[in-house]
Amino acid sequence: MKKVLLLGAGHAQVSVLAALAQQRMAGGDILLVTPHTRQFYSGMVPGLIAGRYAEDDCAIDIVPLARNAGVHLRIGQAASLDAAARKVTLADSEEIGYDVLSINTGPVQDRERIPGAREFALFVRPIEGFIALWKQTRALAEARPLSVVLVGSGAAGVELVLAVRAALGARAELTIVADGPLLENYTEAVRRKATAALKRAKVQVLQGRCTAVERKHVVVGGSMRVVCDVPIIATGSDAPAWLATSGLATDAQGFVRVGATLQSASHPNVFASGDVVVRDDMPHPRSGVYAVRAGPVLAENLRAFVAGGALTPYIPQPRSLNLLATGDGRAIASWGTWSAQGWLMGWWKDHIDRAFVARYAQG
Ligand SMILES: Cc1cc2nc3c(=O)[nH]c(=O)nc-3n(C[C@H](O)[C@H](O)[C@H](O)COP(=O)(O)OP(=O)(O)OC[C@H]3O[C@@H](n4cnc5c(N)ncnc54)[C@H](O)[C@@H]3O)c2cc1C
């Protein structure tokens, strides 16, 4: 029996669990290590913040999924990896050996990058922590008006600030700090639609880099101090620090280098998928869509690797459908240069997102 260790119940590995529930892996004794018994679907988190969803609507229950897949479950998280010794050490010091490892632990946010942020700000990742702190923010908003500053002008930042407006209504002053163009990776047409949505929602857009967070202020551009009760950091994704000493080949930012079969560029018995990787041959954006699409190929390749068979390449799609929720039930859809906005797009997003979570609901 080969010991297969799945790290993280990310978008790709929930799909592996579902595939294993359909057909068990011959010759594999599989253990999943993940910090939580449920996995929030990030695409629905802005809707959860906006008050459009309950937590159960957006969470995949990992316990029955693992059970039906015949996979052992250990609640915990990797603190270090020694790829040469084929060993993972968990945060509680337990050491777990493996023959085959599959990493789908997602990205992290560097809490030290903005001075003061660790102390005073809410970070959107890990999502479980963000949701818990958001509940406290909501309770606070019942008592008095709040000024909330979203740092980060990518899709998550824009969706979240609009969601906060939906949740807190006129009881909040809202600002988004944009270090560069709003929605940098989107077309001009999408940016215009998003800018109009922010204007309708009375969100102030502040151009500049957030250089520090203080107890009652967010500092922009080194000198402008914006009054803030609740700073939320939604800036990009960083690689987990524990990968740096793993011995796995990584890029300069610390993301795991993988090839077409999702195997590590340095250690063929290590697979990795989702936001924690960088593809050597076909780089693609870090987004849930690509992590989801990698899932079925990952499931097939883990099975084939254990059986000694041929592996299949994962060909990322050249572009993806993006649906940005605007907090009011509407959404902005885009595909390449096409874009559209409105209630129908909101209904479409809701339908896709609910279907994703429902796919993993176990009876
Ligand atoms: C607010 C928000 C909204 C978003 N909306 C969208 C969207 O609509 N569409 C889209 O495509 N993308 C969206 N994204 C981006 C998307 O969340 C990521 O691209 C996606 O989550 C990456 O998936 P993943 O499977 O790599 O990791 P994740 O989904 O982050 O899953 C990682 C898993 O690993 C676990 N884990 C973490 N650390 C460890 C460890 N050390 N050991 C073991 N397990 C660990 C985590 O608990 C989790 O279960 C959004 C992001 C945010 C923050």
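Side notes on the structure shown:
- Residue, nearest to the ligand (Cβ to nearest atom), within the range 283-299, restricted to residues that are open to solvent by less than 20 Å² (accessible area, probe 1.4 Å) and over 15 Å from Thr261 (Cβ atoms): Ala291
- The range 47-71, subset open to solvent by 40 Å² or more (accessible area, probe 1.4 Å) and within 14 Å of the ligand (Cβ to nearest atom), residue farthest from Ala325 (Cα to Cα): Val63
- If the condition is being more than 17 Å from Ala331 (Cβ to Cβ) and either polar (S, T, N, Q) or surrounded by fewer than 23 Cβ atoms within 10 Å (Cβ to Cβ) (or both), then the range 148-166 contributes Gly152, Ser153.
- Residues within the range 27-37 that are near the ligand (Cβ under 9 Å from one of its atoms), part of a strand (DSSP E or B) and either small (Gly, Ala, Ser) or open to solvent by 40 Å² or more (accessible area, probe 1.4 Å) (or both), tallied: 0
- Scanning the range 243-259 for residues that are of a type outside the set (S, T, N, Q), over 28 Å from Arg209 (Cα atoms) and open to solvent by 30 Å² or more (accessible area, probe 1.4 Å) yields Gly247, Arg257.
Each row is one residue, and each column tells you yes or no for (1) small (Gly, Ala, Ser); (2) surrounded by 20 or more Cβ atoms within 10 Å (Cβ to Cβ); (3) touching a Cys at 6+ places or on another chain (Cβ under 7 Å).
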| residue | (1), (2), (3) |
| --- | --- |
| Gln317 | no, no, no |
| Asn322 | no, yes, no |
| Ala325 | yes, yes, no |
| Asp328 | no, no, no |
| Ala333 | yes, yes, no |
| Ala340 | yes, no, no |
| Gly346 | yes, yes, no |
| Phe356 | no, no, no |
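- The lone criterion from (1) within 11 Å of the ligand (Cβ to nearest atom); (2) part of a helix (DSSP H, G or I); (3) open to solvent by 20 Å² or more (accessible area, probe 1.4 Å) left unmet by Ser80 is number (2).
- Among the candidates Phe40, Phe120, residue that is closer than 29 Å to Asp328 by Cα and open to solvent by less than 20 Å² (accessible area, probe 1.4 Å): Phe40
- Residue within the range 91-102 that is among the polar types (S, T, N, Q), within 12 Å of the ligand (Cβ to nearest atom), open to solvent by 10 Å² or more (accessible area, probe 1.4 Å) and assigned by TED's automatic domain parsing to the domain that holds Leu302 present: no
- For the range 207-229, the condition of being more than 19 Å from Val148 (Cα to Cα) and modelled with pLDDT of 95 or more holds for none of the residues.
- Test: residue in the range 300-310 that is modelled with pLDDT under 95, assigned to a helix (DSSP H, G or I) and open to solvent by less than 40 Å² (accessible area, probe 1.4 Å): no
- Any hit, the range 150-170, residues being under 16 Å from Gly327 (Cβ atoms), more than 16 Å from the ligand (Cβ to nearest atom), of a type outside the set (Phe, Trp, Tyr) and touching a residue at least 12 places away in the same chain (Cβ under 8 Å): yes
- All helices (runs of 4 or more DSSP H) inside the range 87-186 with 3 or more residues being at pLDDT below 95: 127-143
- Scanning the range 223-255 for residues that are of a type in the set (Val, Ile, Thr) and more than 11 Å from the ligand (Cβ to nearest atom) returns Val226, Val227, Val230, Thr245, Thr250.
- Residue in the range 192-206 that is in a loop (DSSP other than H, G, I, E, B) and in contact with a helix residue (DSSP H, G or I) (Cβ under 9 Å, 6 or more places away or on another chain) present: yes
- Restricting Arg86, Arg111 to residues that are of a type in the set (Lys, Arg), free of Cβ contacts under 8 Å to residues at least 60 places away in the same chain and open to solvent by 30 Å² or more (accessible area, probe 1.4 Å) narrows the list to Arg111.
The values are calculated or read from the model by the stated rules, or taken from the named source; none is laboratory data. It should be emphasised that the depicted structure is a prediction, and the values quoted were computed from it without experimental measurement. FYI the Cβ positions are ideal-geometry reconstructions off the backbone, even for glycines, and counts take in every protein chain you see. Note: accessible area is taken over every heavy atom of the protein model, side chains too, but ligands, DNA and RNA are not part of it. Shrake-Rupley method; radii C 1.70, N 1.55, O 1.52, S 1.80 Å.
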